[in-house]
2 protein chains.
Amino acid sequence: MILALPSETVFHTIESTIKQYRKFAQKNITKALPGMTVDQGLVLIFLHEHPELTQKEIAQLVFKDNASMTRMINTMVKKKYLKRSMNEKDRRRYKLKITPEGKELLKKLPPIIQKNRSASLEGISKKEQDQLTKILIKIQTNCQKS
Amino acid sequence: MILALPSETVFHTIESTIKQYRKFAQKNITKALPGMTVDQGLVLIFLHEHPELTQKEIAQLVFKDNASMTRMINTMVKKKYLKRSMNEKDRRRYKLKITPEGKELLKKLPPIIQKNRSASLEGISKKEQDQLTKILIKIQTNCQKS
DNA sequence: GTAATTTAATTGATATATCAATTATATTTA
DNA sequence: TAAATATAATTGATATATCAATTAAATTAC
């Protein structure tokens, strides 16, 4: 069977693109906020916008599983970005609170993220971005068909 | 500063697409070859096509760093897919040989991979795939600037 | 209202990711 | 050629990924 080398497929390109974007974004975040990771930044942003999110919901938003999210929140608590507290309504869950230190960092994030996004999308029209999204979603749909 | 939520960006879509594809591909590989991972399969395929590849070169092909590759090859040796042997020409490197067991698995991989690819690209024209690649490469180029 | 089921989070085990430091060998330079 | 530099691979430390099993609480079914 003749199989195209993995490096010649569109999947390879998708993967290398997201990895390069992540490296690029991480580099710029590290410059301004040493010790913070891209994903920790995302968690802060999501929690800021939606304070009632559970760990599970955040995990889904950043494409991690619950186990990873538990450990990630652990390190964010250790780093004092977050505090866990009881959720009286549902005692299986926690309330996740951004600490004042976390809020300080959070303030510095948006301009960095904005710059990362616009720099990496430079010269790519809105139309192209929509095309990209549309095609990617087709792939996702295909992958979900059991 | 008003920042689009990460979940509304094209980066989010790129990341979720590749993760879903990986899950889909892994599921099908596991079904046929329990214990084998997508990346281990890729390493076998690359080594089969280019037996002289060094660990470092393979690492680049599958987007891992050298440290990860060392450990990945360790587990592939432990699983008896591969054997390390001396490279007399350059004693910093190894020769990586696919074992007979590894070759057996390798034979079964191509049809599975082919099926994964075509299933996830179903209904996506060649033209769309080219568009996708073109746009992604633009993003990569942007991320490489400085 | 109690038993069965579901859900959110955790834990353990193992693999991988990442960075920095180290080792051993090759290559370059003075 | 000896010293400086570069390269391939490894190792250590820490974080994350993944799967399966577990715990504790909530929900559903009977």
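The values are calculated or read from the model by the stated rules, or taken from the named source; none is laboratory data. All of these numbers come straight from a predicted model, not from anything done at the bench. All Cβ positions, glycine included, derive from the backbone under ideal geometry; neighbour counts span all protein chains shown.
Output the number of the condition that B:K64 fails; it satisfies all remaining conditions of (1) within 14 Å of chain A (Cβ to nearest Cβ); (2) more than 16 Å from DNA strand D (Cβ to nearest atom).
(2)
Residue by residue, here is whether (1) touching a helix residue (DSSP H, G or I) at 6+ places or on another chain (Cβ under 7 Å); (2) at pLDDT below 95; (3) of a type in the set (D, E) holds:
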position: B:R22; (1), (2), (3): yes, yes, no
position: B:G35; (1), (2), (3): no, yes, no
position: B:E57; (1), (2), (3): no, no, yes
position: B:L61; (1), (2), (3): yes, yes, no
position: B:T70; (1), (2), (3): yes, no, no
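Test A:H48 against the criterion of being touching a residue at least 12 places away in the same chain (Cβ under 8 Å) and within 11 Å of another protein chain (Cβ to nearest Cβ), and give yes or no.
So A:H48 fits the description; yes.
Taking only the stretch B:83-93 into account, find how many residues are near DNA strand D (Cβ under 8 Å from one of its atoms) and surrounded by fewer than 13 Cβ atoms within 10 Å (Cβ to Cβ).
So the answer is 2.
B:K145: away from DNA strand D (no atom under 16 Å from the Cβ) and more than 25 Å from A:A4 (Cβ to Cβ), yes or no?
yes
Before we move on, is A:K138 closer than 30 Å to B:Q140 by Cβ, within 11 Å of another protein chain (Cβ to nearest Cβ) and either among the aliphatic types (A, V, I, L, M) or surrounded by fewer than 17 Cβ atoms within 10 Å (Cβ to Cβ) (or both)?
No: the conditions fail for A:K138.
How many residues are charged (D, E, K, R), over 22 Å from A:Q40 (Cα atoms) and assigned to a helix (DSSP H, G or I) if we restrict to the stretch A:113-131?
4
Quick grid of which residues meet (1) away from DNA strand C (no atom under 12 Å from the Cβ); (2) within 11 Å of another protein chain (Cβ to nearest Cβ); (3) outside any loop (DSSP other than H, G, I, E, B); (4) not small (G, A, S):
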position: A:H12; (1), (2), (3), (4): yes, yes, yes, yes
position: A:K19; (1), (2), (3), (4): no, yes, yes, yes
position: A:V43; (1), (2), (3), (4): yes, yes, yes, yes
position: A:L53; (1), (2), (3), (4): no, no, no, yes
position: A:Q60; (1), (2), (3), (4): no, yes, yes, yes
position: A:R84; (1), (2), (3), (4): no, no, yes, yes
position: A:K95; (1), (2), (3), (4): no, no, yes, yes
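Give the residue that is nearest to B:K145 (Cα to Cα), with candidates limited to residues of the stretch A:97-134 that are more than 21 Å from the chain's Cα centre (by Cα) and either away from chain B (no Cβ under 11 Å) or not basic (K, R) (or both).
By that ranking, first place goes to A:G123.
Given the conditions (1) within 16 Å of DNA strand C (Cβ to nearest atom); (2) within 14 Å of chain B (Cβ to nearest Cβ), which single one is not true for A:R91?
(2)
Among residues belonging to the stretch A:67-81 that are loosely packed, with under 15 Cβ neighbours inside 10 Å and among the charged types (D, E, K, R), point out the one that is nearest to the chain's Cα centre (by Cα).
Among those that are loosely packed, with under 15 Cβ neighbours inside 10 Å and among the charged types (D, E, K, R), it is A:R71.
Which residues, counting only those in the stretch B:12-60, are surrounded by fewer than 20 Cβ atoms within 10 Å (Cβ to Cβ), of a type in the set (D, E) and within 12 Å of DNA strand D (Cβ to nearest atom)?
Within the stretch B:12-60, B:D39, B:E52, B:E57 meet the criteria.
Inside the stretch B:69-82, can you point out the residues that are among the hydroxyl-bearing types (S, T, Y) and either within 8 Å of DNA strand D (Cβ to nearest atom) or assigned to a strand (DSSP E or B) (or both)?
B:T70
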